[in-house]
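Remarks on the structure that follows.
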Amino acid sequence: MILLKLTQNELYKIFSLVRSYIGIMLFTVIVPLILWGYGMGTSHIQGQIENAVSEMFFIEGSPTNGYTAAYFIMNFFWVHIPFLIALVGGDIFAGEQANGTFRIYATRPISRLSIFISKTLATMIYTLIFVLYFGLLTLGLGLIWHGGGDMLVFHEGVLILESGDAASRFLFAYGFSFMNMALVSSIAIFFSVMVRNAVGPVIGTMAVIIFFLMVSTLPLDVFRNIQPYLFTTYFSNWEQVFYDPIPWGDLFRGFGLIFSNIIFFLGVAYLIFSRRDILS
Amino acid sequence: MIDTPEKDPLVENIPPLQSMPMALECYGLSKRFKTIQALDDVSLQVPTGSIFGFLGPNGAGKSTLIRIVAGLIRADAGNFNILGRSSYSGHKVRQEMSTLVDRADFYKNLSASQNMKILGRLTGHDQDDHINELLQLLGLYERRKDKVKTFSQGMKQRLGLAQALLPNPRLLVLDEPTTGLDPQGMHEIRDFILKIAREQQVTIFLSSHLLHEVELICSDIALIFNGKLAAQGSLSTIFQKMENVTVELEVEHSELAIKFLAGIDLVSDIKVLANAISIEIIYSNIPELIHRMSTHNINIFSISQRNRLEHYFLSLMEQK
């Protein structure tokens, strides 16, 4: 019961801050803009695709439909979303330290564990809402604007997914994306418990992600052995749900590594938070 | 007769309660920050129902002790009880205690009511009626819908007191509650503290380095220097034990009075002030002095002890 009330408090605080809406506002503007641009600039691509595959397949609807648009936008934004997610996760502890509000909050007869869990839960709920909003906006608006139909995926050739199949695969894609973003939030929380300003955790989170992204994508032998163990190697694993057959084994291996990283970062963050002297 | 003209009459309503159970008991509390020993084996007892002044110069260890009791920092050694609950029971020890540590800070983008709601939810005291009642008590009801960022520091301190009263605490711990306030703000906070103690039956543990402030409102005190407890007890007992006190006399014929005072062995350090005569005298000799002056037809309009606590504080510091 107390956890519920604490989480309710944290959500209230999160959604009373302007910074929590930056990402949402940004996508509210930019996604329709991209969808508009997508409609304007794909007529010649559509013609080329239809010419190339019409002799082999019958494509229902336009090949550059809402599904393909949503896939295209997801491909484009998965590197940018972490920054927007970290704005909230990075502030969740550090912001209170900087404002001095922890002095009041932490003196109540509540355990540090309850405070930590409620703040983490609220951050994860925000992350989920963010991913869902992004999904609804890209897929929902994409389908309204460009209509449905079969989805074309370019992976080892051309793969055509039926409309209903594509929709269910998007659900999995958003599910895996949420896990990746939950890890970003966990890293932001990890930095947030260590410092007393909200900027540091955002920069720290992005620095960690950029560093590991570089290591996991550089085609150098020295890094190749460690790449399977880096969480950033699996950051684009959501794309695999559109393959045929879906490589469930790889997907769940990646899922496992991402999940264990979430546990690691949150575990260390709690250990630091539970022992930390609140002096500010 | 010895008068204390600046003392608030409300203080008189709070009896010394040394025989009652303790609201706060600390045993051997120690805390070290790198090279600084902030607290060194401090033990103290705060009687239930008292307004307890915790005194010491800046950096003496007052805030460190309060932060340990409030659960903000961990002690290296020692333990404490709050209203019979041991610190070994974890966060539950603070079940009946509320704190205002240092300056009151709030969620600035939220209103006074919204802040109170958030903090009330933590202990299940978020009913609108209760919140409004407290805002009324602290004189903030009219501004309850305004964002806290529009509040003055004095208003924030009052809101700090209001939030501290949300869980209906039996022990209220206040760390330098008048810091950063102008004289009017300090006066308001002092009045509120007395009002709370009287009307809500709350034990108040108040840290301050303002001796005058403590002397005005506290019934009991403890003094701390360099992390070590130097003294503790009820103010009246401490003052009774003080041998030399500084007394100011307002008399009808000051020249005659000065001549008389210079000729007797009861007093020393006679100073002529603008409207009074200042003397140093052994506390127990004051009745004898009054008697002798009246038998010599020297009419006394008033006799008052000034800065008794300061006198005591400085003498203790010299000993240390």
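The values are calculated or read from the model by the stated rules, or taken from the named source; none is laboratory data. Computed from a predicted structure; not experimentally measured. Cβ placement follows ideal geometry from the backbone for every residue including glycine, while neighbour counts extend to all protein chains displayed. With ligands, DNA and RNA removed, areas are computed over all heavy atoms of the protein, side chains included. Shrake-Rupley method; radii C 1.70, N 1.55, O 1.52, S 1.80 Å.
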**Report entry** Failed item in (1) open to solvent by 20 Å² or more (accessible area, probe 1.4 Å); (2) closer than 26 Å to B:Gly180 by Cα, with B:Leu223 passing the rest
**Finding:** (1)
Requested in this report: Quick one: A:Phe102 ticks every box in (1) more than 30 Å from A:Thr217 (Cα to Cα); (2) more than 10 Å from chain B (Cβ to nearest Cβ); (3) not small (Gly, Ala, Ser) except a single one, so which number is it?
Outcome: (2)
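Collect the residues in region A:245-280 that are aromatic (Phe, Trp, Tyr) and within 14 Å of chain B (Cβ to nearest Cβ), keeping them in residue-number order.
A:Phe273
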Query - Qualifying residue in region B:192-199 (condition: within 26 Å of B:Glu288 (Cβ to Cβ), surrounded by fewer than 22 Cβ atoms within 10 Å (Cβ to Cβ) and among the acidic types (Asp, Glu)) - result: no
Report task. Looking at (1) without any contact (Cβ under 8 Å) to a residue 60 or more places away in the chain; (2) open to solvent by 30 Å² or more (accessible area, probe 1.4 Å); (3) within 20 Å of the chain's Cα centre (by Cα), find the lone condition where A:Val222 falls short. Result -> (3)
Requested in this report: Output the residues belonging to region B:20-29 that are surrounded by fewer than 18 Cβ atoms within 10 Å (Cβ to Cβ) and over 19 Å from B:Ser219 (Cα atoms).
Outcome: B:Tyr27, B:Gly28
Report task. Go through the residues of region B:55-64 one by one and say whether even a single one is at pLDDT 90 or above, at the interface with chain A (Cβ under 10 Å from one of its Cβ atoms) and open to solvent by less than 10 Å² (accessible area, probe 1.4 Å). Result -> no
**Report entry** Matching entry among A:Phe172, A:Phe83, A:Phe72, A:Phe130 (being part of a helix (DSSP H, G or I), within 15 Å of the chain's Cα centre (by Cα) and under 25 Å from A:Asp244 (Cα atoms))
**Finding:** A:Phe172
Query raised in the report: A:Ile110: in contact (Cβ under 8 Å) with a residue 12 or more places away in the chain, touching a Ser or Thr at 6+ places or on another chain (Cβ under 9 Å) and within 14 Å of another protein chain (Cβ to nearest Cβ), yes or no?
Result: yes
Report task. Could you tell me which numbered condition B:Ser152 fails, if it satisfies all but one of (1) in contact with a Pro (Cβ under 9 Å, 6 or more places away or on another chain); (2) more than 27 Å from B:Gln201 (Cβ to Cβ)? Result -> (1)
Query - Filtered residues of region B:89-102 (kept if more than 7 Å from chain A (Cβ to nearest Cβ) and in contact (Cβ under 8 Å) with a residue 12 or more places away in the chain) - result: B:Val93, B:Glu96, B:Met97, B:Ser98, B:Leu100
**Report entry** Qualifying residue in region A:233-242 (condition: on the phi < 0 side of the Ramachandran plot, among the acidic types (Asp, Glu) and open to solvent by 50 Å² or more (accessible area, probe 1.4 Å))
**Finding:** no
Query raised in the report: Which condition number in (1) within 14 Å of chain B (Cβ to nearest Cβ); (2) among the small types (Gly, Ala, Ser); (3) under 26 Å from A:Leu136 (Cβ atoms) is the one that A:Ala188 fails?
Result: (1)
Query raised in the report: Residues of region B:106-123 being open to solvent by 10 Å² or more (accessible area, probe 1.4 Å) and in contact with a Ser or Thr (Cβ under 7 Å, 6 or more places away or on another chain), which ones?
Result: B:Tyr107, B:Asn109
Query - Extreme residue, farthest from A:Ile104 (Cα to Cα), among residues of region B:69-88 that are in a helix (DSSP H, G or I) and within 10 Å of chain A (Cβ to nearest Cβ) - result: B:Val69
Query raised in the report: How do the pairs read when you match residues in region A:1-15 that are in contact (Cβ under 8 Å) with a residue 12 or more places away in the chain with residues anywhere that are part of a helix (DSSP H, G or I) and of a type in the set (D, E, K, R), using Cβ under 6 Å and keeping only pairs 6 or more apart or on different chains?
Result: A:Asn9/B:Arg121; A:Glu10/A:Lys119
Report task. Would you point out the residue of region A:86-103, among those that are more than 26 Å from the chain's Cα centre (by Cα) and open to solvent by less than 10 Å² (accessible area, probe 1.4 Å), that is farthest from A:Lys13 (Cα to Cα)? Result -> A:Gly100
Query raised in the report: Tell me, which residue of region B:73-88 that is touching a Lys or Arg at 6+ places or on another chain (Cβ under 7 Å) and more than 14 Å from B:Ser30 (Cα to Cα) is most open to solvent (accessible area, probe 1.4 Å)?
Result: B:Arg85
Query raised in the report: So which of A:Ala198, A:Ala166, A:Ala188 is open to solvent by less than 40 Å² (accessible area, probe 1.4 Å), of a type in the set (Gly, Ala, Ser), touching a Pro at 6+ places or on another chain (Cβ under 8 Å) and within 26 Å of A:Val29 (Cα to Cα)?
Result: A:Ala188
Requested in this report: Might you let me know whether region B:124-141 holds any residue that is touching a residue at least 12 places away in the same chain (Cβ under 8 Å), more than 19 Å from B:Gln200 (Cα to Cα), surrounded by fewer than 22 Cβ atoms within 10 Å (Cβ to Cβ) and among the small types (Gly, Ala, Ser)?
Outcome: no
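Let me confirm something: among A:Phe154, A:Phe172, which residue is open to solvent by 20 Å² or more (accessible area, probe 1.4 Å), more than 14 Å from chain B (Cβ to nearest Cβ), in contact (Cβ under 8 Å) with a residue 40 or more places away in the chain and among the aromatic types (Phe, Trp, Tyr)?
Answer to the selection: A:Phe172.
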Query - Top-ranked residue in region B:109-121 [being in contact (Cβ under 8 Å) with a residue 24 or more places away in the chain and at the interface with chain A (Cβ under 7 Å from one of its Cβ atoms); ranked as nearest to A:Tyr105 (Cα to Cα)] - result: B:Leu119
